[in-house]
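The values are calculated or read from the model by the stated rules, or taken from the named source; none is laboratory data. In this text, all values refer to a predicted model and were calculated from it rather than measured experimentally. Quick reminder, even Gly has a Cβ in these numbers, built from the backbone with ideal geometry, and neighbours come from all protein chains shown. Heads up: the accessible areas ignore ligands, DNA and RNA and are worked out on the full protein's heavy atoms, side chains in. Shrake-Rupley method; radii C 1.70, N 1.55, O 1.52, S 1.80 Å.
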Amino acid sequence: MKRITILGSTGSIGVQALQVIDRLGWQVVALTAHSNETLLHQQVKQFNVKHFACGNAEEIAKCAAIPCDIVLNAIVGIAGLVPTIEALRAGNPVALANKESLVAGGSLVMQLAHEKGLPILPVDSEHSAIFQCLQDNNSPAKLILTASGGAFFGKTREQLAQVTAADALQHPTWNMGAKITVDSATLFNKGLEVIEAAWLFGMHVDDIDVVVHRQSIVHSLVEYNDGAVLAQLGAPDMQLPIQYALTYPARLPMPAQRLNLTETGTLTFEAVDHATFPAIELCKIAWRRGGLACAALNGANEQANALFRQGKLGFLDITPAVQQAMLAAPVGNPNSLDDVFAADKLAREHVDNNRKR
Ligand code: NDP
Ligand code: MG
């Protein structure tokens, strides 16, 4: 029996995490949301939760710091960064779905986790897969992230010039929040995941490859120096990586859909079309330039993603807008959270100003 706090409990990951916790019969210490008060109050009642916060950043950070066994951070965007830091400062292990925490503030988050001797357990399915493949304690030579390809796989630039937010929100395999679904269509999600993996597993981005795998059955792979490649497979269901992050190192039963290989049939792997979808390469460039460029890239992407969803920016304008804002950021790493938030703010303004011109 563990005591769990869920930040972002009203979102796609948050709701699935509560289903997992309900089945395990564990205790919920605190819950937080941003706008969906109705659902939050239902959850508070159902799980008999003492501490909760809605829409107030300070209160959310306080919930993250209440002593518990694991804080699951399922907030979307850089709004998750301070809660991640607060959880670690208070000595709470973190199960992390909020990849933006690591993209924007990776050096600060990892240093703090290291100082405190606390784990950051991956919830993102690819990183959970890699984490599971790494359990034999040898250092990997290479990580291979799989990508579903998103809603627009195979489309040409001419076709992409016409697509709308409604088209982008039709994801082929995963049912997720709006921001990450659009990030999947641009492939920024995979680029952010490359940076997330670099921080989580201490790898250089040059040693992290991405391969398109439309079926989302192989969740990611690890290559060792003898050439052996280990992969983690399973039906596409986020409850498995969520549960593994919470129960690690134990594996507990789960009534989930089982993988039937003969029913699944052929698994395919293809190269990413980087010319049409340059976001992954852009994320690698940001990582090589340093943490400030990553914070700028993350902020610019959040802004461009939101403008696209509001119909104010074309699909093909997202990546160039992020690129320009990222290249305008200074080279090097942040010394503080203030540096991260300053880079984030400038990058968002850069995207806004360029659009108006
Ligand atoms: P959703 O949009 O479905 O949920 C986001 C959650 O964060 C909601 O609870 C929302 O509250 C809350 N929230 C939104 N804005 C703020 C804010 N400014 N401050 C505090 N809380 C806020 O997102 P997902 O669940 O899809 O994704 C959450 C994170 O997990 C993202 O970082 C994503 O990349 C990652 N992830 C998601 C996967 C998925 O399958 N969905 C897979 C892998 C990773 P409210 O609902 O009240 O507005
Ligand atoms: Mg993922």
Of all accessible heavy-atom area on segment 1-70, the percent that carbon and sulfur account for (1.4 Å): 48
Assigned charges on the beta-carbon of Lys, Arg, Asp, Glu; the chain dipole about Cα centre (debye): 640
Peptide ranges 246-255, 115-124 listed from the most packed, as the mean C-beta count within 10 angstrom indicates: 115-124, 246-255
Segment 1-154: translational diffusion in µm²/s, Stokes-Einstein, Kirkwood Rh over Cα pairs, 10 °C, 1.306 mPa s: 98
Rg and Dmax of segment 21-77, Cα atoms only, in Å: 11.0, 31
Reference-scaled alpha-carbon Rg (2.2 N^0.38 Å with N residues) for segment 171-245: 1.18
Cα-centre dipole for segment 226-347 with unit charges at Cβ (Lys and Arg positive, Asp and Glu negative), debye to 20: 160
Amide hydrogen neighbours beyond the local backbone of D124, cut-off 5 Å, H modeled: none
Most to least packed among 337-343, 48-54 [average Cβ atoms within 10 Å]: 337-343, 48-54
Long-range amide H partners of C54 with built H, under 5 Å: A33
Using distinct alpha-carbon pairs, which all enter the 1/r mean, Kirkwood radius of the chain in Å: 20.5
Ranked order, W287, W26 - accessible area, probe 1.4 Å, largest first: W287, W26
For segment 281-287, Karplus couplings with θ = phi - 60° (6.51, -1.76, 1.60), whole Hz, Gly/Pro x: 4, 5, 5, 5, 4, 4, 4
Accessible area (Å², per residue) of segment 72-123, counting only protein heavy atoms and a probe of 1.4 Å: 28
19 Å Cα-Cα reach of K142 towards aspartates and glutamates, excluding residues that sit fewer than 8 places from it in its own chain: D124, E126, E193, E196, D206, D207, D209, E223, D226, E270, E281
Long-range amide H partners of I70 with built H, under 5 Å: R3, T5
Summed side-chain charge close to A228 - residues other than A228 whose Cβ falls under 12 Å, Lys, Arg +1, Asp, Glu -1: -2
Computed accessible area, M326, all protein chains, 1.4 angstrom probe, square angstrom: 0
Span from the segment 281-350 Cα centroid across to the segment 213-233 one, whole angstrom: 30
Karplus-derived HN-Hα couplings along segment 303-315 (A = 6.51, B = -1.76, C = 1.60, θ = phi - 60°), whole Hz, x at Gly and Pro: 5, 5, 4, 5, 5, 4, 5, 8, x, 9, 9, x, 4
Partner lysines for K62 [C-alpha distance under 30 Å; skip if fewer than 8 residues away on the same chain]: K2, K45, K50, K99, K116, K179, K345
Å³ per residue enclosed by the Cα convex hull of segment 125-231: 104
Cα gyration tensor category, rounded, prolate or oblate, for segment 211-263 with a/c compared to 1.5: oblate
J(HN,Hα) series, segment 166-178, from Karplus relation 6.51 cos²θ - 1.76 cosθ + 1.60, nearest Hz, glycine and proline x: 4, 5, 5, 7, 8, 7, x, 10, 10, 10, 10, x, 5
